[in-house]
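What follows is a set of notes on a single structure, which appears directly below.
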Amino acid sequence: MDETNNAATTETNPPQPETQTFSKDYVDALRRESGNYRTRAQTAEKTVKAFRDAFGLRPDDEIGDISARLAARDAQALDKANTRLIAAEIKGLPGYETALLERLIDRSDIKVGDDGTVTGLKEAAEATAKQFAAVLKAASKEQWVPSNPAAGDPPAKDPNKMTYDEFAAYAAAGDKT
């Protein structure tokens, strides 16, 4: 019976590994190295999160080529700035209904230089005016400004109104024809 007891005892108690001891300096060096890796991983995670936030990416989206994303973002910003420059130049064109012109003008030949100068706008506006006459402002009439009798101004004559005598003369001339 002793033999079976000895066999069971050896199977249930696995052999103990030899214990190794390390110096305090070695353990401290390992801890510092591990701490550096954790710090670097946290910094990398913060950087990736900031990048994802800047580009509107969800956590499960692929980041892809960073250079291509930056180039596309720069191109969008430049296109938006150029569109605003062209719109401002259109609003500064005299003789055009600028709101209508801005909607109808063909922007394909309008270029914005690196220094911000807009070229081809006048030609595009003229071409649009040939095609759509409504973009041209109507010849403006001289605007009537009322007089100020309190300041001693003589009464101003409204060019759009007739006096009774003028109307009578006009009506009489109309009857003769």
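A short reminder: the numbers here are calculations on the coordinates, not readings from a lab. Here the structure is a predicted model, which is why all the values come from computation and not from measurement. Note: ideal-geometry Cβ built from the backbone for every residue, glycine included; neighbour counts use all protein chains shown.
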Segment 48-135: relative contact order as a whole-number percent, Cα under 8 Å and 6+ apart: 21
Residues THR163, THR21 arranged by fewest to most Cβ contacts within 10 Å: THR21, THR163
Segment 1-132 shape via C-alpha gyration tensor axes, a/c threshold 1.5: prolate
